[in-house]
Amino acid sequence: MGYISRNNRRPFEGASKASHHHIINDSEVQAVMKRIYKPPQNDELSLSDFIENFEPTDNNPVEAIIAVDGGYTEVSIDKGFPSRNIHFSQFGALLFKAEDLAEIDAAAFIAPEDMAKLKNIHRLKLALPTRNVRFKEENTLQGTVLKSIFEFFSKNKLDEKHNLIDTLAWFIFRRYRKGQRVEKDKIWNLATNPLTSEGNQVTLFEEKMNRDYTFTCPETGRTIYLTDIFRFQEIIDEETGAAGILGYLVNTIEHIIIIHLIRQLLRIQPEMLKKVLFIKDGSTGFFGQTAPLHDPMNDLINWLLDKHNILLVGLEKSGAFVDHAQEIQNKLKPGQALILTDDYIYRYILPGGGDPNRPYASTSNYGHKVIFKTRKGQMHVVSVPVRELKKFPTASDLPNLQILLDNVEDLHCDMYDSALFPVALVNKLVSLSAHPSQRILEKFANTSM
């Protein structure tokens, strides 16, 4: 890594223009390159065994669409100490009626008041210190980050009766089951205690949870937040910072927002739940330290399918699966869906061999991936929640598959590749650009502290 000039008194140290030959001519490097395996190209690929033909539904039950997305940007809060950083995040839940979108789609001209119908959006904001800064009342960066996340969940309600932290408790303690809960539903095993250097496991009992959604640590007597179940304390470093949690945190918050809205519909209009399509930006899973949350999410999905036939879909915009979808688009006919099995994923997309005893991503995902080519030729990677992950899923294992594909096709957007209109719109309304948003936020941070 080169040196940089901080005071403009010395030249910037550029990288060497000739050192690459040491790598190219190194025998050990050459040996490593020869050992590398990558999945084969699709020249000999046959898809017939994995194809499901798309059949549009005669009666589409969806009357409303809710899309959820989030974004973040990093700003430096001290020009003389550029490694002092804060991340600003914004999340949005966009709601609109399917009939409003249909009217606009049929109109020859879109008036501003028509677009206003589609911008019924709730925004949530989070400022998270992530490096070389802390709250005045906290002694560490870790304590600051964990407190920030807890306060975010405690203060935001999305204009509903309950806040997000109450929904988190409703979710992980399976309160939706009411009198049908068993004892294991009322506890949560936290793998690492955030308040001890040893980080021993601690069991959180629902009955011992305080009214403010905190627990008393059995070892230190200090406060454990309910949001500590995300286990971000495991990857926050006092020197290198907490930027590594941002992707996992955004995905978790997007999920909790969806669960929060589902919960409110259950409370005020449960009959509407089967008429609302929830669209999540990204795949249907929890990753990294938050992966254990996929277990209660799978339980909730099963309960919602039994009681309300929930319609939820994840839309992936980037990554290996999206790259593969573009690679095989000429091999799929319009109106065909490719259901990805373990054998297919590990043969053509990912270089791993997979676990012979477990389905792909069984410790993080609660849905199966489908590559869908619409009748107009758009390619989408769709994640469909399922009752149980399988190594060789078929169409019958993916609840409401045809209904979900029908709506994905109807909501397509030509602004970007593989885009859906609700996701593209909510992204526009909550995303934070590098310019000018990042610079404006940097000035805001420096002047307000």
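The values are calculated or read from the model by the stated rules, or taken from the named source; none is laboratory data. Bear in mind the structure is a predicted one, so any value in this text is a computation, not a measurement. Because the Cβ atoms are built from the backbone with ideal geometry, glycine has one as well, and the counts that use them run over all protein chains shown.
Details
- Candidate set: the range 348-374, residues that are surrounded by fewer than 14 Cβ atoms within 10 Å (Cβ to Cβ) and within 19 Å of ALA325 (Cα to Cα); chosen: the one modelled with the highest pLDDT: PRO351
- Extreme residue, farthest from THR252 (Cα to Cα), among residues of the range 280-327 that are of a type in the set (Lys, Arg) and touching a residue at least 60 places away in the same chain (Cβ under 8 Å): LYS317
- The set of residues in the range 209-220 that are outside any loop (DSSP other than H, G, I, E, B) and surrounded by 17 or more Cβ atoms within 10 Å (Cβ to Cβ) comprises THR214, PHE215.
- Residues of the range 181-198 satisfying the condition of being under 17 Å from VAL145 (Cα atoms) and surrounded by 15 or more Cβ atoms within 10 Å (Cβ to Cβ): THR192, ASN193, PRO194, LEU195
- Residues (under 19 Å from ALA98 (Cα atoms) and surrounded by fewer than 19 Cβ atoms within 10 Å (Cβ to Cβ)) located in the range 375-405: GLN402
- Selection status of THR203, exposed (fewer than 12 other Cβ atoms within 10 Å of the Cβ) and among the hydroxyl-bearing types (Ser, Thr, Tyr): yes
- Some residue of the range 417-432 being in contact with a strand residue (DSSP E or B) (Cβ under 9 Å, 6 or more places away or on another chain) and at pLDDT 95 or above: no
Table: residues versus (1) farther than 21 Å from MET297 by Cβ; (2) at pLDDT 95 or above; (3) surrounded by 15 or more Cβ atoms within 10 Å (Cβ to Cβ); (4) among the acidic types (Asp, Glu).
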position	(1), (2), (3), (4)
ILE149	no, yes, yes, no
HIS162	no, no, yes, no
ALA169	no, yes, yes, no
ARG222	yes, yes, no, no
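- Number of the exception - ARG231 against (1) on the phi < 0 side of the Ramachandran plot; (2) buried (at least 20 other Cβ atoms within 10 Å of the Cβ): (1)
- The requirement of being surrounded by 21 or more Cβ atoms within 10 Å (Cβ to Cβ), more than 25 Å from ILE245 (Cβ to Cβ) and among the aliphatic types (A, V, I, L, M) is fulfilled nowhere in the range 279-288; no residue meets it.
- Residue match in the range 186-202 (condition: more than 30 Å from VAL423 (Cβ to Cβ) and of a type in the set (Lys, Arg)): yes
For every residue, the table says whether it meets (1) assigned to a loop (DSSP other than H, G, I, E, B); (2) touching a strand residue (DSSP E or B) at 6+ places or on another chain (Cβ under 6 Å); (3) without any contact (Cβ under 8 Å) to a residue 40 or more places away in the chain.
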site	(1), (2), (3)
ASN200	yes, no, yes
GLU207	no, no, yes
THR227	no, no, no
GLU239	yes, no, yes
GLY244	no, no, yes
TYR248	no, no, no
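- Members of the range 154-189 that are in contact (Cβ under 8 Å) with a residue 40 or more places away in the chain and farther than 22 Å from PRO292 by Cβ: LEU158, GLU160, LYS161, HIS162
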